[in-house]
Amino acid sequence: MRLFAIPLLLPLLLPAPAIAEENGVRAFAPCRACHSLDPAERNLPGPNLSGVIGRAVGGAAEFDYSPVLRKARDEGVRWDANRLEAFLADPAAMFPGLWMSMRGIEDVAERQALVKFLEDPSSR
Ligand code: HEC
């Protein structure tokens, strides 16, 4: 086997959940500039995302949300895995006027890995 083939084969040797987890960690890397998963860390530009799935939209304590997210919160909208995945595909399309300057994630597998990662804090 030629040496350059080894990196291509590595994903086949790892168990599938490990791959998904790793992709989730990687997909969350750019989010860390603005979001933390450590409940104690609250001084970033974006709301704390620990336990975001199952939580009300605009539900992080002490975060000053945009009117569009406050309206969603007042209407009782909550984050579940499907809503979060759709949000990540095109955040501003779901909430026009959103104060989060991030383009959507086009790759569905990457979005799913990211949602899984946010769902399961132990995979941090
Ligand atoms: C440049 C900073 C920035 C980056 C990068 C960023 N966000 Fe955000 N995010 C924000 C801000 C600010 C808000 C609040 C928006 C508002 O109030 O309209 C937000 C809101 C959110 C919310 C809603 C939270 C709630 O409490 O309802 C989610 C979920 C979210 N971001 C996920 C992500 C993910 C996942 C990524 C990475 C793929 C990401 N964000 C990247 C700044 C950012």
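Once Rh for region 71-124 is found with the Kirkwood sum over Cα pairs, what is the Stokes-Einstein diffusion coefficient at 37 °C and 0.692 mPa s, in µm²/s? Walk me through the intermediate numbers first.
Details: Rh = 12.0 Å.
Taking Rh from Cα pairs, D becomes 273 µm²/s.
When the Cα atoms of region 27-124 are aligned to their principal axes, the ranges along those axes come out at 30, 30, 22 Å in descending order. Taking amide H as placed 1.01 Å from N in the peptide plane, the amide H of ARG78 sits under 5 Å from that of VAL57, each at least 5 places away or on another chain. In order along region 59-64, phi translates into HN-Hα couplings of x, 6, 4, 6, 9, 8 Hz, rounded to whole numbers, per the Karplus curve 6.51 cos²θ - 1.76 cosθ + 1.60 with θ = phi - 60° and x for Gly and Pro.
Read-outs throughout are calculated quantities, based only on the coordinates presented, and are distinct from any laboratory measurement. On a predicted model such as this, the values are computed, not experimentally measured, just so you know.
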